[in-house]
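The values are calculated or read from the model by the stated rules, or taken from the named source; none is laboratory data. No experiment lies behind these values; they were computed from the predicted model shown. All Cβ positions, even for glycine, are placed from backbone atoms using ideal geometry, and neighbour counts span all protein chains on display.
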Amino acid sequence: MVLSPWLGSLSGKIELQLAKLKLRLYLLLTHGHFKGWERRVLFFRFGIPLVLKRTDQVFCTEADALRFLNRAVPHLPIPKLIDSFELDGATYTLMTKLPGRPLLEIPTLESDQLAPIINDVLYILEELWRIPQPASFNGRVMASASGDGLLHPVGGYEDFGGPYASTLDLYKGMIMNPAGVSSEIMHTLAEDPIVWVHTDLRMQNMLIEKGRVTGIVDWEWTGWLPRHWQLHILRRPGPFCVGAWVRYWLFEHHFDDTIEAAYTASTTEGVLTWPI
């Protein structure tokens with residue numbers, strides 16, 4: 001009993017030194033150096049198919065998401081978690097490097113080129129949406145794999161919010177005047193299932209090779225959210241959601257009636273005061 005605190009302190013010191021040693025080794029094998037938000041991902045040299053990512057937090061990390069997804073959907077083109085450790089308030093995640101180049105870097109896509117990519121993305125979404133939420137989460141929403149909250153759209157994704165007990169609780173925290181929103185709208189929002197949502201499923205995070213999706217990357221801040229939030233991400237034009245890609249999701253593809261009804265309800269004036 002007397003040695004327990006001493007052993008705990010020794011274990012902590014060993015873990016710290018091991019983390020420092022691993023980081024030095026990984027940096028020797030990678031190109032460049034970490035530089036704030038400008039460069040958070042380093043690729044390995046010598047043809048080693050690995051990637052090292054730094055996240056300036058120790059919760060709701062890429063490692064948490066990959067650890068969960070690698071078990072739940074190992075067949076999907078998602079990086080495999082190799083190692084992760086914390087050091088000086090940051091989390092370092094070592095993962096496999098997936099083949100392909102970002103969809104954003106591919107020049108003009110014709111409809112026949114886009115079709116197989118769309119089909120691959122739809123398959124990946126369906127598989128993600130089939131993942132059962134662990135019983136310990138008890139239906140909570142805006143929850144990460146670690147059980148913490150996620151970046152919240154209120155305030156422009158600068159702060160974390162959640163987890164919330166339900167979709168209605170999530171929306172009540174976003175609506176400026178809840179009394180002005182009909183019970184029918186709120187019911188429609190609540191009817192849409194809570195699923196695993198990739199909160200940055202945009203063209204820069206989809207890897208393409210030989211006309212097919214070979215990887216989906218950037219899984220930090222993904223988690224349990226209302227299913228229709230994925231539609232907001234796909235259908236919101238911007239620097240990383242352009243051309244035939246965004247036009248398809250906006251004007252051509254119709255999801256099932258439940259998710260479309262919830263999406264339409266969420267676009268009702270007064271419901272979303274901040275874009276998702």
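Taking region 173-257 as the region of interest, the helices (runs of 4 or more DSSP H) fully inside it that hold 2 or more residues being modelled with pLDDT of 95 or more and surrounded by fewer than 14 Cβ atoms within 10 Å (Cβ to Cβ) are 183-191.
In this structure, is Val154 among the aliphatic types (A, V, I, L, M), in the same structural domain as Arg236 (by TED's automatic domain parsing), modelled with pLDDT of 95 or more and not in a helix (DSSP H, G or I)? So Val154 fails the test.
On the basis of being in contact (Cβ under 8 Å) with a residue 24 or more places away in the chain, within 19 Å of Ile131 (Cα to Cα) and touching a Gly at 6+ places or on another chain (Cβ under 9 Å), does Val197 make the cut? Yes: the conditions hold for Val197. Scan region 261-276 for residues that are surrounded by 15 or more Cβ atoms within 10 Å (Cβ to Cβ) and assigned to a helix (DSSP H, G or I) and the total you get is 5. Would it be correct to say that Asp120 is modelled with pLDDT of 95 or more, closer than 16 Å to Met203 by Cβ, of a type in the set (Asp, Glu) and not in a loop (DSSP other than H, G, I, E, B)? Judged against the criteria, Asp120 is a match. A single member of Glu62, Glu105, Glu86 is of a type outside the set (A, V, I, L, M, F, W, C), at pLDDT 90 or above and in the same structural domain as Val217 (by TED's automatic domain parsing), and it is Glu105. For region 92-116, a tally of residues being in contact (Cβ under 8 Å) with a residue 24 or more places away in the chain and of a type in the set (Gly, Ala, Ser) returns 2. Would you say Leu66 is assigned to a loop (DSSP other than H, G, I, E, B) and among the aliphatic types (A, V, I, L, M)? Criteria not met by Leu66.
Filtered by the rule that a residue be over 14 Å from Ile124 (Cβ atoms), in contact with a strand residue (DSSP E or B) (Cβ under 9 Å, 6 or more places away or on another chain) and not aromatic (Phe, Trp, Tyr), region 66-80 gives Leu66, Arg67, Asn70, Lys80. Could you figure out which of (1) polar (S, T, N, Q); (2) touching a Lys or Arg at 6+ places or on another chain (Cβ under 7 Å); (3) crowded, with 18+ Cβ neighbours inside 10 Å isn't true of Thr96? It fails just one condition, (3).
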